[in-house]
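Working notes, beginning with the structure itself.
The values are calculated or read from the model by the stated rules, or taken from the named source; none is laboratory data. Just so it is clear, the structure is predicted and the values come from calculations on it, not from any experiment. Quick reminder, even Gly has a Cβ in these numbers, built from the backbone with ideal geometry, and neighbours come from all protein chains shown. Accessible surface is based on the protein model in full, side chains and every heavy atom, while ligands, DNA and RNA are left aside. Shrake-Rupley method; radii C 1.70, N 1.55, O 1.52, S 1.80 Å.
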Amino acid sequence: MEFLANTWYFFVVLTVVVFVHELGHYSVARWNGVKVDVFSIGFGPEIFGFTTKTGTRWKFSLLPLGGYVKMFGDADAASATGDDRPMTEEEKAVSFRHKRVGQRAAIVFAGPAANFVFAIVVQAILFMALGQSVIDPVIGSVEPNSAASEAGLLPGDRVLSINGEKVKRYTDIDRAVALSAAQPLEILYQRGEIQTTVTVTPKVVEHPSNFGGLEKFPTLGIAQDMEPIIGGVTAADSPAGLAGLAAGDRVLAINGTEIRQFPDIGRIVRAVGETPTTVIYEREGKQGSVTLTPKRVGDKLLMGIRNAPSKKAVVRHNPMSAVVESLRETGIMISSTFIGIGQMITGVRDSEELRGPFGIAQGAGEAAKIGLAAIVFYTVLLSLNLGLINLFPIPVLDGGHLVFYSIEAIRGRPVGEKAQEYSFMVGLFLVLTLMVYATRNDIVSSSFWVAITNFFS
């Protein structure tokens, strides 16, 4: 059932971002007088659709892993080859191939641009309607034997900058550590009235991934000031799930030890090991008690819960500040994506972090468990990534088309049909190879694959 739910959320989220992308192509094409033959969500045989007065066939197709807009004058949906049949002047007037190079470039760029605009607008609406969580960059707790502990960081320390970049919010710390790829970080912090600089190298740890297996990520071993409220149960068959704990429960004590901060739960669970453990919790003003046995996953002992997001500082924006903040957040997400890709290319970051459709589906499912705002933000993130990926200078992607149009603008004539065809074949091979590799990462990181590996080892 969880797999089916994740699949449903994945298709919903993907349909939204693909529709936005293709609507960008469609709108600018129509604005430039191009006739659009097909607007399809998905590939392959048509499931259902309708034809408008302009002659465009709007349809849903069998394989919902993308979409396309086929324009008049193109022989295929990818615009890899043109329709070489003779055309009348009236047909040339609405043919994509017969538009100026600047018009064609605008139509192609409109797809990714629509994804960026969508992300900015939706984020701005969220900031106005729900507000933006702004948590002070103050350390709430420090894990024993962690990188932060070894560097001498303590609860209450305020992080001022990391590698010279000013830290305004706690999320700035998380982002810097995630992008560090376990490389040394120079951290300036304030304790009382004294400012001190230390060099800290995040440790790479294994943790259960959303996809059911294990994933590696760098960590300092610190946490923000977090109340011991359960934000959600990671899986129905986890110790917490089987015991009946649920989102919103406040953990009061474990084996008689009072819980003040959410990280206290992890420390006590590690101490008790895989033994029956009594958890006292509060739900809707009433106390309850359950007994569960923590489960070992890799080198971690876990109850199977995640913390609730902090709601201590929420800033509500007016329309102007919401757009400004949305632009800022969008810029940070785009730059972080490029940094991560660059680290994978240079070998600093493990390319196994790349995720395919199954990983995206699991992420959508996890976002849906948190709430509507989370899945909307997940849609924003996926929209940005779709826009960025399509701008890569790879034939068959929008970026590849833009490269050809740039060459055409410089030379004064289009790149030869044969050269384009061969380039698109190479581009298609690269894209399919990337998809296969990302899907392979999904499978290898899944609990199913881990079980098979353990069985034969």
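A few comments on the model shown:
- Verdict on residue 359 being crowded, with 18+ Cβ neighbours inside 10 Å, modelled with pLDDT under 75 and of a type outside the set (S, T, N, Q): yes
- Odd one out for residue 65 among (1) under 22 Å from the mean Cα position of the chain (by Cα); (2) in a helix (DSSP H, G or I); (3) at pLDDT below 90: (2)
- Only one entry in 384, 428 is crowded, with 20+ Cβ neighbours inside 10 Å, touching a residue at least 24 places away in the same chain (Cβ under 8 Å), out of contact with any Cys (no Cβ under 6 Å at 6 or more places or on another chain) and not polar (S, T, N, Q), namely 384.
- Residue ID - surrounded by the fewest Cβ atoms within 10 Å (Cβ to Cβ), chosen from residues in segment 133-163 that are touching a residue at least 60 places away in the same chain (Cβ under 8 Å) and part of a helix (DSSP H, G or I): 149
- Enumeration of residues in segment 176-208 that are within 30 Å of residue 296 (Cβ to Cβ) and in a helix (DSSP H, G or I): 177, 178
- Screening segment 400-423 for residues that are under 33 Å from the mean Cα position of the chain (by Cα), small (Gly, Ala, Ser) and open to solvent by 30 Å² or more (accessible area, probe 1.4 Å) and picking the one that is modelled with the highest pLDDT gives 406.
- The one condition in (1) surrounded by fewer than 21 Cβ atoms within 10 Å (Cβ to Cβ); (2) in contact (Cβ under 8 Å) with a residue 24 or more places away in the chain that residue 51 fails to fulfil: (2)
- Within segment 177-201, being touching a helix residue (DSSP H, G or I) at 6+ places or on another chain (Cβ under 9 Å) and at pLDDT 90 or above holds for 185, 187, 198, 199, 200, 201.
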